[in-house]
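Okay, structure first, notes after.
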Amino acid sequence: MVIAGLTGGIATGKSTVASLFASFGAAVIDADRIAREVVLRGSPAFDRIVEHFGREILLPDGEIDRDRLGGIIFSDSGQRESLNRIVHPEVFREMNRRIGEIKSGNVNRVVICDVPLLIETGMHSVFDDVILVYVPEPLQINRLMEREGIGRDEALRRVRAQMSIEEKKPYASHIIDNSGTRENTAKITLEVYRSLEERSRRCGPCRHT
């Protein structure tokens, strides 16, 4: 089994690449989806988030207002770090549980863990490979503006709130350039998948724990 961490930057097209990997046969674990699940009302992480940020971040139904919370953490790096300290251990624990389930069923499977803050949190060090989805920053900003319906200044603020895509390059064992057509991205992604699949057949169990 080979377990790779997939990362990128906001609006680089990481979800598109994750979907391509799934279509080729990889098992994909989505850290963003897990992050939404582990903060649902009644969870330990939910209680700690409300205790830290206050009940003002809650929707009328009692769940966390992700837009309001996002507005807080994008404008305050200290608050962003506080949220990450609460959520990331819970996400990592659940990811490990799901990896264990996959491993028990098929030791030769390629597993892709889609983790937005893979490098920033230091989690990249536990994976067999790091796959970076790359687009140049100007394209990243334009795509974010179009996707979110926001102005350039706000898009730039959100992009600059993260580690830059250029800074992430040295950590990557594979770089998938998503600045061209979907067909070109699919071609590159398939090449990476076949490389991982071949290694998975050769090496058996992975080193991830």
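Every number here is computed from the coordinates shown, using simple stated rules; none is lab data. Given the structure is predicted, the values throughout are model-derived calculations rather than measurements. Quick reminder, even Gly has a Cβ in these numbers, built from the backbone with ideal geometry, and neighbours come from all protein chains shown.
Data overview
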{"quantity": "Relative contact order (%) - region 1-109, alpha-carbon pairs under 8 angstrom, separation at least six", "calculated": "33 percent"}
{"quantity": "Percentage relative contact order, region 78-184, counting C-alpha pairs under 8 Å, at least six apart", "calculated": "30 percent"}
{"quantity": "Whole-Hz couplings from phi, Karplus 6.51/-1.76/1.60, listed for region 10-18; x for Gly and Pro", "calculated": "4, 6, 8, x, 4, 5, 4, 5, 4"}
{"quantity": "FRET efficiency for Gln79 and Ser125, using Cβ-Cβ distance with R0 set to 22 Å, rounded to 0.05", "calculated": "0.30"}
{"quantity": "Residue-count net charge about Arg55 - beta-carbon cut-off 14 Å; Lys, Arg +1, Asp, Glu -1", "calculated": "-3"}
{"quantity": "Amide H partners (placed H, <5 Å) of Leu6, local residues excluded", "calculated": "Cys113, Asp114, Val115, Ile131"}
{"quantity": "Peptide ranges 177-190, 119-132, 7-20, 56-69 listed from the most packed, as the mean C-beta count within 10 angstrom indicates", "calculated": "7-20, 119-132, 177-190, 56-69"}
{"quantity": "Environment charge at Ile34 (Cβ cut-off 11 Å; Lys +1, Arg +1, Asp -1, Glu -1)", "calculated": "-1"}
{"quantity": "The chain, relative contact order [Cα under 8 Å, separation at least 6], %", "calculated": "39 percent"}
{"quantity": "Chain lengthening between Asp177 and Arg199 when straightened (0.36 nm per residue, less Cα-Cα)", "calculated": "5.7 nm"}
{"quantity": "Cut-off 9 Å between beta-carbons: net charge of the residues surrounding Ala18, Lys and Arg +1, Asp and Glu -1", "calculated": "-1"}
{"quantity": "Cα centre as origin, Lys/Arg/Asp/Glu Cβ charges: region 95-171 dipole, Debye", "calculated": "180 debye"}
{"quantity": "MRE, 222 nm, helices only [DSSP H, n ≥ 4, -39500 (n - 2.57), over the chain, to nearest 500]", "calculated": "-17000 deg cm²/dmol"}
{"quantity": "The chain: radius of gyration and largest Cα-Cα distance (Dmax), Å", "calculated": "17.7, 53"}
